[in-house]
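Presented below is the structure to which this report refers.
The values are calculated or read from the model by the stated rules, or taken from the named source; none is laboratory data. Note that the coordinates shown come from a computational prediction; the quantities given were computed from them, not determined experimentally. Here Cβ is always computed from backbone atoms with ideal geometry, including for glycine, and neighbour counts include all displayed protein chains.
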């Protein structure tokens with residue numbers, strides 16, 4: 001008999017049950033199910049940041065959706081999560097060693113790499129400082145996942161591939177080409193990187209910059225000396241061309257002056273000839289007209305020449321200025337023999 005009174009607890013199949021135990025268990029079970037439901041509801045949502053792209057992964061089917069998700073909050077269902085990739089532009093750069101100490105506080109994918117070292121086609125060491133940016137293609141995120149998995153180290157893989165392609169490209173050019181034709185080499189390297197990143201690495205290249213190229217100092221000194229000599233040659237050629245142009249200009253000016261004087265002399269001679277011809281023609285016409293008029297006068301005077309001469313003399317006197325005219329009277333001629341005869345007759349008488 002149990003002390004304290006009351007009925008002894010019932011036993012059912014070897015389990016001792018207290019009054020109200022069934023209700024308590026049901027309540028606990030309900031709360032557990034409710035908590036589990038809330039947990040599943042909360043876990044059924046996932047968010048993607050503005051700087052991210054994501055693929056939905058199901059833990060039940062162990063499959064990844066082909067279509068990527070951009071920024072936002074989505075209902076992805078229970079037992080699923082997002083596999084995230086960067087949507088922002090990332091930089092790969094190869095810089096000088098003294099800049100590495102300033103990058104300790106940066107993330108690994110933001111830190112620069114040492115300058116790219118390679119050899120030229122003629123065997124000289126060359127160090128190249130460059131940088132470029134890439135961005136994952138949204139439509140190729142699934143291909144990136146199936147190729148490299150969910151591994152943030154794909155940035156390092158991209159860097160190693162870039163090093164391989166760029167060092168190979170550097171071996172195609174001589175040291176002199178690196179010194180003289182750096183822009184064309186930079187465009188070739190950019191085209192090579194764009195091809196491999198777009199076709200095999202599911203990314204797009206932006207803003208490629210070939211900053212500097214370091215060659216052995218002796219070679220650079222020799223190149224600088226050569227360039228100075230070339231500049232001296234260019235200066236001498238320019239001076240020669242300037243002198244030649246000046247002399248050719250002076251010769252052309254002299255020939256032009258001779259031509260101008262020759263043309264002026266020809267024009268003056270032609271003008272004199274035309275003027276003389278006109279004067280002669282006018283004089284001939286005037287004389288012909290005078291001859292015709294005098295012929296008419298001669299006919300009017302019954303072809304008397306003395307009368308014509310007297311007419312012409314009167315015309316001359318009339319047309320001559322009066323203040324410059326002097327007239328003389330002509331005396332009648334005296335026959336000496338006739339004048340002597342009366343005197344002799346008088347003496348004889």
Only one of 196, 213 is within 32 Å of the chain's Cα centre (by Cα) and free of Cβ contacts under 8 Å to residues at least 60 places away in the same chain, namely 196
Residues within the stretch 192-207 that are assigned to a strand (DSSP E or B) and surrounded by 17 or more Cβ atoms within 10 Å (Cβ to Cβ), tallied | 2
For the stretch 99-128, how many residues meet the condition of being outside any loop (DSSP other than H, G, I, E, B) and at pLDDT below 90?
-> 9
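Confirm whether residue 10 is modelled with pLDDT under 65, more than 30 Å from residue 210 (Cβ to Cβ) and not assigned by TED's automatic domain parsing to the domain that holds residue 165.
yes
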Can residue 146 be described as part of a helix (DSSP H, G or I) and touching a strand residue (DSSP E or B) at 6+ places or on another chain (Cβ under 7 Å)?
-> no
Residues in the stretch 321-341 that are surrounded by 10 or more Cβ atoms within 10 Å (Cβ to Cβ) and modelled with pLDDT of 75 or more: how many?
-> 0
Test for residue 247: is it closer than 30 Å to residue 92 by Cα and modelled with pLDDT of 90 or more = no
Please specify each residue of the stretch 74-98 satisfying the condition of being closer than 30 Å to residue 207 by Cβ, free of Cβ contacts under 8 Å to residues at least 40 places away in the same chain and part of a loop (DSSP other than H, G, I, E, B).
-> 96
